[in-house]
Amino acid sequence: MNGWSGKILDIDLSTKTYKTYPLDMEMARMFIGGRGLGARLLWDLVGPEVDPLSPENVLIFTNGPLTGTGYQTSNRFSVTTKSPLTGTVLDANSGGFWGMQFKKTGYDALIVRGKSEQPVWIEIKNGEITFHDASDLWGMRVFAVTEKLGQNNNKRNVLCIGPAGENLSRIAAIMNDRERAAARGGPGAVMGSKNLKAIVVEGKERATINDPEKFKFLLYETKKLLAASPLTSQALPEFGTVVLMNIMNNIGALATRNHQQTQFEGAEAISGEELTEKYLVKNASCWACPIGCTRISKTEKVEGEGPEFESTWAFGAQCGIDDLPAIIEVNALCNDLGLDTISAGSTIACAMELSEKGYLDSDLRFGRADQLAPTVEAMAYRKDIGAELADGSLRLATKYGHAELSMSAKGMEMPAYDPRGLQGQGLLYATSNRGGCHMRGNMIGLEVLGLPKLVDRFQVQGKSAFVILNQNSNAAIDSLVICKFTNMGVADEYFARVLGAVTGVQYATGELIKTGERVWNLERLYNNREGFTTEHDTLPPRLLNEAPTDGPSKGWVSQLEPMLKEYYRTRGWDQNGVPTPKKLADLGLANLM
Amino acid sequence: MALIKLFANLRKLAGTKELSVTEETVGATLSALVEQYPSIKDVILDGSELRPHIVITVNGHNVTDLNASVNEQDVVAIFPPIAGG
């Protein structure tokens with residue numbers, strides 16, 4: 001066996017026991033690893049009767065056959081669970097070093113089930129699994145825990161939750177390597193519900209390669225491809241992801257003040273150009289990454305990773321705030337507390353609108369940078385107004401009788417791109433299996449940047465095919481698991497060649513993307529089984545009914561309904577959004593019905 | 001006069017964020033721009049053609065046709081290759 005380690009580690013925290021068993025290789029061929037393997041395992045392990053915060057839910061950590069091989073960006077891992085935020089299938093993946101080190105422990109997947117009576121942390125070191133008392137760590141923040149447990153980037157890696165996860169905030173992240181986050185959908189709360197503070201990995205096993213000579217050549221060729229692409233060799237390293245701020249504002253698709261506007265007058269002050277000129281200390285990289293998009297930023301108060309575009313937007317334009325140092329500082333605070341920055345920022349924005357309209361009795365107001373850090377702190381500890389915001393915007397807005405003011409899809413806060421000016425992006429949010437998310441597919445390349453080709457962003461007819469291709473491609477890449485930015489210099493099909501060289505399992509042309517389609521349909525089946533229907537494939541009423549009154553997207557609302565019908569048809573689903581038996585048979589999923 | 005706005009590394013190369021022009025098409029606008037700031041020519045043009053991944057908008061709408069018209073009061077934004085998520 002090559003690429004895969006061939007083993008699953010299954011830990012029950014209720015009994016502090018574990019077992020190992022072989023990876024089902026047919027399952028591995030069909031779902032690869034990462035997100036795909038996680039979804040397939042979750043299908044068997046967690047049914048609709050399970051409360052996401054109960055001991056019966058599981059956390060499934062997966063790597064992939066490319067992880068740790070040294071292939072460019074092969075550092076990532078995925079965590080799969082039933083989301084406490086949305087109730088859907090959830091996978092969140094993260095970069096850094098932990099995923100590579102996890103692979104070196106010799107497992108393809110780690111399943112954590114049950115609940116420890118007392119706080120505990122797990123150490124997986126050179127074949128030994130040890131349960132440690134975490135009473136002294138409970139309450140500590142992420143940076144302190146990471147240091148205390150001996151983080152060493154290339155040798156010993158720490159994954160943990162902060163106070164937000166301990167306090168079961170449904171927007172809590174799982175953090176690794178200090179400042180990397182598997183953030184979306186609340187996996188940190190699931191970890192907290194199990195009284196699990198941290199997982200430390202240290203291993204020596206090396207991934208074996210089926211065809212080392214061919215792999216070496218593909219490694220060389222990929223290096224050349226990434227160096228030749230101005231996106232991966234210049235754009236991302238030089239300005240990071242925040243460079244998108246100005247262009248999204250320029251085209252009138254930068255959600256502003258809880259999506260009340262589509263342009264922010266303070267965009268320039270929180271742009272990538274401003275960050276680079278005034279606050280950038282240096283770049284940094286995840287393991288085996290030649291791109292190096294990570295920013296190390298510094299203000300008078302903090303120095304650390306980030307902020308990324310979405311985090312800068314969430315605490316910036318979405319909250320009507322143009323104070324970049326305050327945004328850098330609240331981003332660092334979220335990392336230390338273990339909170340998802342997108343959901344945290346957008347939930348604060350929702351509270352600001354509720355307060356300004358008199359629905360919520362608080363002094364939160366758009367533009368108040370001084371309110372960011374105290375509010376985030378209160379959210380992580382469920383104190384004062386923070387107790388109201390800790391579970392995301394939909395629960396907050398629903399409690400105060402205005403669910404329509406939550407800018408979320410399936411309960412997950414949407415990212416920066418306003419769907420009124422980006423029709424395909426809106427369809428993508430509405431159909432995303434984990435809720436409003438830009439990482440299940442991203443239409444910005446096609447609708448704005450012309451990557452690989454420009455498609456009219458206001459076009460409705462025919463848009464579903466692009467969205468579906470995007471979603472399937474991302475599901476495949478998430479199952480390898482590598483960084484999606486690699487795909488900006490290297491085509492999807494190329495990864496099938498890499499996979500073949502590493503594993504010896506040959507994926508014919510189109511088969512890797514079909515694997516992504518299989519993963520997407522499995523996730524859809526999971527959500528259908530949880531009771532999600534076509535009525536959940538929607539967007540906030542504001543985006544469907546309230547057109548911007550000025551700017552380049554003036555007069556446009558999301559034309560979701562016709563796109564959705566076309567989407568179901570193109571996917572091979574029935575009009576209720578359920579995959580047909582024919583489609584499932586074609587994907588080898590008929591046995592799941 | 002139309003206003004040209006530059007972004008990302010184009011600002012550094014040109015030493016300015018924006019400038020005004022009187023040209024009547026996108027292509028003529030670019031020609032005027034690179035004549036004034038030769039350092040950005042190789043970044044945005046390959047001969048007389050736009051290089052891949054260069055994004056140009058006029059009043060916030062993507063433009064790929066260099067013959068597209070530019071009117072007084074228009075804002076022409078030029079972005080070098082950028083990416084993110």
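A few notes on this one:
- Computed over the alpha carbons of the protein assembly as shown, Rg followed by Dmax gives 23.8, 76 Å.
- Neighbourhood net charge (10 Å Cβ-Cβ; Lys/Arg +1, Asp/Glu -1) for A:L469: -2
- For region A:23-97: rounded, prolate or oblate by the Cα gyration tensor [a/c cutoff 1.5]: oblate
- Region B:2-79 - charge dipole about Cα centre, Lys and Arg +1 at Cβ, Asp and Glu -1, debye rounded to 20: 420 debye
- Low-density loop positions, trypsin sites (Lys or Arg not before Pro), region A:312-385 - DSSP coil, at most 12 other Cβ in 10 Å: A:K357
- Number of partner chain Cβ atoms within 10 Å, mean per residue of A:151-160: 0
- Rounded if a/c under 1.5, otherwise prolate or oblate - region A:225-341, Cα gyration tensor axes: oblate
- Between A:T15 and A:K582, residue separation times 0.36 nm minus the direct Cα-Cα distance comes to 199.8 nm.
- Look at the dipole of region A:7-202 built from charges on Cβ: of A:T73, A:G127, A:M25, the Cα furthest out on the positive end belongs to A:T73.
- Region A:19-174: C-alpha gyration tensor shape, a/c 1.5 cut-off, then a/b vs b/c: oblate
- 26 Å Cα-Cα threshold exceeded, pairs from A:K282/B:K17; A:K104/A:K484; A:K463/A:K583; A:K104/A:K410: A:K104/A:K410
- Taking every full run of DSSP H in chain A, the ones that stretch at least 15 Å from end to end by Cα along their long axis and average 0.5 or higher on the Kyte-Doolittle scale are A:324-337, A:341-356.
- The calculated FRET efficiency for the pair A:K565 and B:T25, based on their C-beta separation and a Förster distance of 56 Å, comes to about 0.90.
- Computed magnitude of the charge dipole of the protein assembly as shown (debye, nearest 20; Cβ of K, R +1, Cβ of D, E -1): 1760 debye
- Cβ neighbours within 10 Å from other chains - mean over A:447-454: 5
- Taking the charge dipole of region A:242-413 about its Cα centre, with +1 at Lys and Arg Cβ atoms and -1 at Asp and Glu Cβ atoms, the residue from A:M407, A:G367, A:A349 reaching farthest to the positive side is A:M407.
- Bridge type composition, chain B - antiparallel percent by DSSP, nearest 5: 75 percent
Just so you know, all these numbers are worked out from the coordinates, no wet-lab data involved. Remember, it's a predicted structure, so these values are computed and weren't measured experimentally. For neighbour counting, all protein chains shown are included, and Cβ atoms are generated from backbone atoms with ideal geometry for every residue, glycine included.
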